[in-house]
Amino acid sequence: MPTLVHTVEGRPFREYSLLDGTLRIGRNGDNEIQLNDDAVSGRHAEIAVQPSAYMDGYMEVWARDLNSTNGTLVNGKRIRKHLLKHDDVVRIGTNEFKFVEDSIAALQRTRVLLDDG
């Protein structure tokens with residue numbers, strides 16, 4: 001299951017499991033992730049999980065800026081809409097969220113040992 005990890009000073013603070021649908025981020029109280037940060041707009045950004053148009057059974061996760069004042073960054077670049085990949089970092093105001101795709105992370109930890117004989 002894809003996860004968004006809110007980090008503070010590089011350390012995990014809170015995790016959000018990403019299910020099918022949309023997770024809104026901003027200062028307003030009606031957002032699923034409410035941030036108390038003056039650099040964040042009331043409705044700043046959203047993370048949308050949706051079925052892939054190209055691969056059956058695969059879900060895509062998109063970050064989208066909602067016309068915020070200070071913008072939304074992915075890996076240091078300002079975006080309007082961006083397809084997230086494992087280890088991407090979304091910055092909203094002074095807050096960072098690391099995108100973790102469990103299936104990809106598991107593959108990265110897998111080692112294949114071959115017999116030299």
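Expressed as a whole percentage, what fraction of the accessible surface of the chain belongs to carbon and sulfur atoms when a 1.4 Å probe is rolled over the protein heavy atoms? List each step's numbers first, then the result.
Details: 3700 of 7820 Å².
That fraction is 47 percent.
Not counting the cut sites, what is the longest span of the chain without GluC sites (Glu not before Pro) that DSSP labels loop and that have at most 15 other Cβ atoms within 10 Å? Present the calculation step by step, with values, prior to reporting the outcome.
Numbers: sites that count: Glu9, Glu32.
With a cap of 15 other Cβ atoms within 10 Å, the longest stretch comes to 33-117.
What longest range of the chain stays clear of loop-exposed trypsin sites (Lys or Arg not before Pro) (DSSP non-H/G/I/E/B, at most 14 other C-beta within 10 angstrom)?
My reading of the result: 1-79 is the longest stretch.
How large is the accessible surface per residue of the chain, computed with a 1.4 Å probe and reported in Å² as a whole number?
Working: 7820 Å² over 117 residues.
Ligands and nucleic acids excluded, the result is 67 Å² per residue.
Specify which residue in the list Ala48, Gln34, Met59 is farthest towards the positive end of the charge dipole of the chain, using unit charges on the beta carbon of Lys, Arg (+1) and Asp, Glu (-1), about the Cα centre.
With unit charges placed on the Cβ atoms, the residue in question is Gln34.
Which entry in (1) 18.3; (2) 17.6; (3) 15.1 matches Kirkwood radius over Cα pairs in Å derived from the coordinates of this structure?
Step by step, Kirkwood radius over Cα pairs in Å for this structure corresponds to label (3).
The values are calculated or read from the model by the stated rules, or taken from the named source; none is laboratory data. Remember, it's a predicted structure, so these values are computed and weren't measured experimentally. Note that each Cβ is placed from the backbone with ideal geometry, even for glycine, and that neighbours are counted across all protein chains shown. Surface accessibility is based on the protein's heavy atoms, side chains included, excluding ligands, DNA and RNA. Shrake-Rupley method; radii C 1.70, N 1.55, O 1.52, S 1.80 Å.
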